[in-house]
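Participant: Take this structure first; my questions come after.
The values are calculated or read from the model by the stated rules, or taken from the named source; none is laboratory data. Please read these numbers as outputs of a predicted model, since none were measured by experiment. Virtual Cβ from ideal backbone geometry, glycine too; neighbours counted across all protein chains shown.
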Amino acid sequence: MAQVVTSHRGPVTGTATHKRKKRPFLLDLYSTAVGKKYVMGITGVAMMGFVLFHMIGNLKMYAGAAGLDHYAHFLQTLLYPLAPKGWVLWILRGGLISMLFLHLHAAWSLTRLNRHARPMKYQSKRDYQIANFASRTMRWTGIIVLAFLVWHLLDLTFGVVNSETGKMITHPGDEESVKAVYASIVYSFQRTPVAFFYVVANILLGIHLFHGAWSIFQSFGLNNPRFNSWTRAFATGFASIVVIGNVSFPIAVMAGIVG
């Protein structure tokens, strides 16, 4: 009688014996398309708020040199003397840069995911046409706006391409000097190629903001045919306000209204 030999087969792969290490909840959520859309929406809202208030603050330029320079000085001395001058502003800038990188990474990741998945259908033909046009331009408008942001920092923050940036001035009645922000802006926009670049970049920013503001509602699951006309109106109004305000600055300098 033949002897029956039995054997115990071991696991085929190591995954059968090792449990997958659990990641933190936020990282696990971010690995999904839904999580990335939430990140796009949250960072988008924060940056939209920054863009709007940055434009409103710059309207001080129409109040004259003292008004804008004192406003810039106020930002530089936030929470002073509790914090050293400039620290709070750089912390805010650091947070903004972090949100920008998260926004870019989420956008890049979603683009890769969308290439392997069926795109989400919109509620109506008109909504699809609007979103399709804007989404097809998002990549290029985003790249140009990013290049504009780098130039803007080199121009009016670090003074690499602007000899007036960083200079100090004492206005009548002041006890201390402040940075001559007004003079640096006027000098920058008196250069025609720079002023033209600012105008074009802000128009493209408006297109980017329109689609971003409109799609935020979808990212948070608030896509309803009854409210789509309201979301389009909000996106259009928000983008228009920012563009008109920002474009007015180089035009005002070139026209001699400010200077």
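Participant: I'm trying to understand the selection: among the residues of region 58-92, which are assigned to a helix (DSSP H, G or I), out of contact with any strand residue (DSSP E or B) (no Cβ under 8 Å at 6 or more places or on another chain) and closer than 22 Å to residue 173 by Cβ?
Facilitator: Matches in region 58-92: 60, 61, 62, 63, 66, 67, 68, 71, 74, 75.
Participant: For region 27-73, which residues satisfy the criterion of being aromatic (Phe, Trp, Tyr) and surrounded by fewer than 14 Cβ atoms within 10 Å (Cβ to Cβ)?
Facilitator: Within region 27-73, 53, 62 qualify.
Participant: From the list 123, 129, which one is surrounded by fewer than 15 Cβ atoms within 10 Å (Cβ to Cβ), within 17 Å of residue 216 (Cβ to Cβ) and modelled with pLDDT under 80?
Facilitator: The conditions single out 123.
Participant: Just need a number here: residues in region 67-82 that are within 17 Å of residue 257 (Cβ to Cβ) and either among the small types (Gly, Ala, Ser) or modelled with pLDDT under 95 (or both).
Facilitator: 1
Participant: Another question, if that's okay. Over 23 Å from residue 65 (Cβ atoms) and under 24 Å from the mean Cα position of the chain (by Cα), is that true of residue 232?
Facilitator: Judged against the criteria, residue 232 is a match.
Participant: Turning to a different aspect of this structure: Which ones in region 209-247 are closer than 28 Å to residue 187 by Cβ, crowded, with 20+ Cβ neighbours inside 10 Å and of a type outside the set (A, V, I, L, M)?
Facilitator: Within region 209-247, 246 is the sole residue that qualifies.
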